[in-house]
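Following: one structure in structure tokens, then a few remarks.
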Amino acid sequence: MAAALVGAGVAFGLAVAVAAPASAAVADGYYKQPFDPTVWRVDGGNARALSYEEWAAANFPQPAPSPTDYVKYSWSPTVYAVTFWGTPQSTWDWDRLTEPQWRASGSPVPRTAGWIAGSTYYQWGTSNEIFVQGEDAVKHKLTYNEWSASGFQPFGTRSNEGFLKLSWAPNIMRMTNLSAGSGYSIDYGQWSNESFPTPRVVQRVANDHFYKYGTAPAIYYQGPAFERSISYQEWVGAGSPSPEVRAPSNPGNSVDCSNFATQRDAQAWFDLYYPYYGDVADLDGDHDGRACESLP
């Protein structure tokens, strides 16, 4: 249960999911919904909520029970009261009920609805699946039958947004701009909150990068999924792209020969930084290009 929708009379396309009673015309008079103290006045098919002063001026007429039904989506716990003041949907009043309001209504068992006012229907640019976000912000991936039950509500296409997955890595990405390659990796909880949209599997993402530092063998990937070193198998899975060669950051005089177990290790460190910064750690005392020659 959540906060109430205040007087949300909303008109949407087809009304197959929430059908008004056969006797949809409400007689003129005063009415009250069981979950709210407000008194309504129906006059000539038009309903409006009265102020206390207006009700008092009418000499406090006893209101009749409102023509109210209770509905919910099968995938959401939220219960709504819909009051049918007239035949056009624009005259209906929708309220999201709190638990006390639901109990005040007699704890009715709500009907399952295919459409509820305030819902938004949409499709991501990475699949043909259709989703609905209810007025309560709960999202759901629709089956064909569920979309049919909504009266085939029209949906908006978020063509430059969606979900991707690299074919060679497990991360699912929420893409905020597909053409620019902007997005971020999401966890299971975030994916679940979006109702598990099927990601498009790709080998690369727009504007991603493979790179290495100088002569070092490690290859790194930089993209919306992550930025880290990748394995040989991952690099092959990505199509063995040629990595950019980037200058490593200047390490300064941060090591000496005692930091290395072998001359080979020291030489690898020396060879990485020397082309960019020279012998910044003074590992090559005789300047012959061999670092820490005293090591085994």
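Structure above, values below:
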| quantity | calculated |
| --- | --- |
| Reachable aspartates and glutamates from K72, criterion Cα separation under 16 angstrom, eight or more residues apart if same chain | D93, D95, E99, E135, D136, E146 |
| 3J(HN,Hα) from dihedral phi, region 44-59, Karplus parametrisation 6.51/-1.76/1.60, rounded to Hz, x for glycine, proline | x, x, 9, 10, 8, 6, 8, 6, 4, 5, 5, 5, 5, 5, 8, 6 |
| For the chain, convex hull of alpha carbons as volume per residue, Å³ | 202 Å³ |
| Sequence-distant aspartates and glutamates (8 or more away, or on other chains) whose Cα lies within less than 15 Å of K212 | E227, E234, E244, D271 |
| Positive-pole candidate from P154, Y70, L178, dipole of the chain, charges at beta carbon | Y70 |
| The chain: calculated mean residue ellipticity at 222 nm from DSSP helix runs of at least 4, using -39500 (n - 2.57) | -4000 deg cm²/dmol |
| Surface share of carbon and sulfur [accessible, 1.4 angstrom probe, percent] for region 115-188 | 51 percent |
| Unit charges at the beta carbon, dipole of the chain: most positive-side option, S294, A247, Q203 | Q203 |
| For region 27-80 versus region 214-261, the gap between their alpha-carbon centres in whole angstrom | 68 Å |
| Percent of Cα pairs exceeding the 21 Å cut-off, where the set is region 149-293 | 59 percent |
| Rel. contact order, % - alpha carbon contacts under 8 angstrom, at least six apart, the chain | 12 percent |
| Principal axis dimensions, region 45-124 - Cα atoms, whole angstrom, descending | 54, 28, 18 |
| Gyration tensor verdict on region 188-240 (Cα atoms; rounded if a/c is under 1.5, prolate if a/b is larger than b/c, oblate otherwise) | prolate |
| Heavy-atom SASA rank of E194, E244 (probe 1.4 Å, accessible area, largest first) | E244, E194 |
| Region 103-182 shape via C-alpha gyration tensor axes, a/c threshold 1.5 | prolate |
| Fraction of accessible area attributable to carbon and sulfur, region 30-86 (%, probe 1.4 Å) | 53 percent |
| Share, in percent, of DSSP beta bridges within the chain that are antiparallel, nearest 5 | 75 percent |
| 15 Å Cα-Cα reach of K141 towards aspartates and glutamates, excluding residues that sit fewer than 8 places from it in its own chain | E129, E194 |
| Ranked by how many other beta carbons lie within 10 Å on average, peptides 196-203, 58-65, 171-178 from highest | 171-178, 196-203, 58-65 |
| Region 32-191 shape via C-alpha gyration tensor axes, a/c threshold 1.5 | prolate |
| Accessible area per residue in Å² at 1.4 Å probe, computed on the chain | 51 Å² |
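The values are calculated or read from the model by the stated rules, or taken from the named source; none is laboratory data. The shown structure was predicted, so the numbers you read here are calculated from the model rather than taken from an experiment. All Cβ positions, even for glycine, are placed from backbone atoms using ideal geometry, and neighbour counts span all protein chains on display. Heads up: the accessible areas ignore ligands, DNA and RNA and are worked out on the full protein's heavy atoms, side chains in. Shrake-Rupley method; radii C 1.70, N 1.55, O 1.52, S 1.80 Å.
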